[in-house]
Amino acid sequence: MAALTITSMTVRTLRLPVRSARSQGVGTVADGVTNVFVELTTDAGITGWGEAAPWAVFTGTAEAAVGALHVHFRPFVVGADAFRIEEIMGRARQAVVHSPEAKAALEMALYDIVGRAIGAPLHVLLGGKLRDTVPLSISIANPDFEKDLEALPALLADGLRLFKVKTGFSTHAADLARLERLREVMPDEVDLRVDFNQGLDCWDALPKLRDVEAFAPTFIEQPVPADKMEVMADLAAALDTPLMADESVFDPTDALRAVGLRAADLFSVKIHKSGGMGPARAIAAIAEAAGIACYGGSMFETGLSCMAGAQMIAATRNISLGCEFYQPTYYLAEDVLAAPFPVANGEIVIPDGPGLGVEVDPDRIAKYETARWD
């Protein structure tokens, strides 16, 4: 196959307003998020888009993602053959330590180009769909809990049945009161999940988690700090409810350690955390070998990145617990896609168009752009 040479690379930051505040164990997002977008163009006129969705308290900063893309990746990306994705991503991993969101954005844009060039959707490039739809989870995370309660009937009417309650950012009594109220008002068939985002101290986590178990959550996610994997293992052994690792498992090396320690029953897999779909799928494969199921986690992403993640999940057997790509439909004030993110009856519908299967709206990109590097 003839080379498809990348001739230009544009990096942008966009400041994206949100509909409400979101609080979780490691911090609050109040008025908006800053994401980084990369646009690659080839000598055939084919363009691919990728998105980095960093959060300073979790993976990194927008400034670091810009630096990785514009300063460190640009020299070997421009002039490269877009078909040689693994070679380019190997150079990216050697060029910069960390900056996983920047690597995810670069990989996303490369797959978008290749898919468009050969007329194939991303899920075909990853081996083909195992699922035509992916169940969508939405987070209950507004520090004003009454606002979440007000929104609940409309979400249920939309067909959503997976809800993840963010805990650990207030008092234990407040967490229990919220869970009790949600169990009272939610239909029996709702799948309720709990996520502490590292919000508990190790020394008294177990009795608090046993209190949470009374509300029969499907899983409890990352109750203690990420580096306390041995404590996670003790908690997983002591609890009846499956324990999910998120911040404790960033990459395949973390996944191997977590498997060895039996630190969790489940893993949350995120392309912005792991540095792209390649490492994310490696985590899922390691987990599958150990009998650990996976869930599709997210950052504060637009529909562009959410679709990359959803297509990956559709093609990855062991990411079987649904996903939380609710941001373009229910959280961002306005998405950057030209058409609405495809959600129907509480599930993401996986498109069959080439590449990522979605198109950005150039007017919305321009509307929210705060800086640009060509």
Exercise. State which residue pairs qualify: first residue touching a residue at least 40 places away in the same chain (Cβ under 8 Å) and inside the stretch 240-266, second residue of a type in the set (F, W, Y) in any location, beta carbons under 6 Å apart, and separation of 6 or more residues or different chains.
Key: M244/F219; L266/F219
Self-check item: Candidates D175, D148, D144, D158, filtered to the one that is farther than 26 Å from N318 by Cβ, in contact (Cβ under 8 Å) with a residue 24 or more places away in the chain, crowded, with 18+ Cβ neighbours inside 10 Å and assigned by TED's automatic domain parsing to the domain that holds A285
Solution: D175
Exercise. Assess whether V249 counts as being closer than 25 Å to A56 by Cα and under 19 Å from the mean Cα position of the chain (by Cα).
Key: yes
Self-check item: the stretch 162-184, residues that are farther than 18 Å from G297 by Cβ and in a loop (DSSP other than H, G, I, E, B)
Solution: S170, T171
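Could you list, in sequence order, all residues of the stretch 101-141 that are hydroxyl-bearing (S, T, Y) and not assigned by TED's automatic domain parsing to the domain that holds V36? Working first, answer last.
So the first thing to find is which residues in the stretch 101-141 are hydroxyl-bearing (S, T, Y), and the list is 111, 133, 137, 139.
Once the filter is applied, which keeps residues that are hydroxyl-bearing (S, T, Y) and not assigned by TED's automatic domain parsing to the domain that holds V36, the stretch 101-141 yields T133, S137, S139.
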Quiz item: Of all residues in the stretch 321-368, how many are farther than 29 Å from E150 by Cβ and not acidic (D, E)?
Solution: 13
Practice problem: Please work out if I365 is under 28 Å from T28 (Cα atoms), in contact (Cβ under 8 Å) with a residue 12 or more places away in the chain, of a type in the set (V, I, T) and surrounded by 24 or more Cβ atoms within 10 Å (Cβ to Cβ). | Solution: no
Quiz item: If you check every pair at least six apart or on different chains, which have Cβ atoms under 6 Å apart with a residue in the stretch 53-66 that is on the phi < 0 side of the Ramachandran plot first and a residue that is part of a loop (DSSP other than H, G, I, E, B) and surrounded by fewer than 22 Cβ atoms within 10 Å (Cβ to Cβ) second?
Solution: A53/F300; P54/G60; P54/T61; V57/V26
Practice problem: May I ask you to list the residues in the stretch 4-43 that are of a type in the set (D, E, K, R) and part of a strand (DSSP E or B)? | Solution: R12, R15, R22, E39
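The values are calculated or read from the model by the stated rules, or taken from the named source; none is laboratory data. Model, not experiment: these values are computed from the prediction. Don't worry about glycine lacking a Cβ; one is built from the backbone with ideal geometry, like all the others, and counts go over all protein chains shown.
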